[in-house]
Amino acid sequence: MATTYKIPKKVNESLIVLFFTLEQFIPIAVAIALGYTFKAVFESIIFAILYFKITSYFAQNHPRGYVEHSLWYLGIMPMKLGYKTPDPLKREFIK
């Protein structure tokens, strides 16, 4: 029997869970689970709806990483130096 796979339309397309992207689904699910745990269901559902609206707005109208770049540009979020980002204060890079 042949196995079928879902081929994404784009290379960087994120996974879809229900009708949310995976980046939207995880915080919404955690917020609702915490809302049920701490008996604040109404507040958590309001937070989940607002979070969904804001993230879908930025996903449609701005490129990926726009919010992080804006926060970094304003000095609110420091740049994380990982294995892909070289240290900007170094003068020599040796491979």
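Can you tell me which residue in the stretch 20-48 is nearest to the chain's Cα centre (by Cα), limited to those that are open to solvent by 90 Å² or more (accessible area, probe 1.4 Å) and either in contact (Cβ under 8 Å) with a residue 12 or more places away in the chain or within 26 Å of Gly65 (Cα to Cα) (or both)? Per the stated criteria, the residue is Glu23. Only residues that are outside any loop (DSSP other than H, G, I, E, B) and farther than 21 Å from Leu22 by Cβ were counted across the stretch 37-64, and they come to 5. For beta carbons closer than 6 Å, sequence separation of 6+ or different chains, a first residue in the stretch 60-89 that is of a type in the set (A, V, I, L, M) and a second that is part of a loop (DSSP other than H, G, I, E, B) and modelled with pLDDT under 75, the qualifying pairs are Leu71/Met77; Leu81/Asp87.
The values are calculated or read from the model by the stated rules, or taken from the named source; none is laboratory data. Nothing here was measured: the structure is a model prediction, and the numbers come from that model. Ideal geometry is used to build each Cβ from the backbone, glycine not excepted, and the neighbour counts take in all protein chains shown. These area figures cover heavy atoms from the full protein model, side chains too; ligands, DNA and RNA do not enter into them. Shrake-Rupley method; radii C 1.70, N 1.55, O 1.52, S 1.80 Å.
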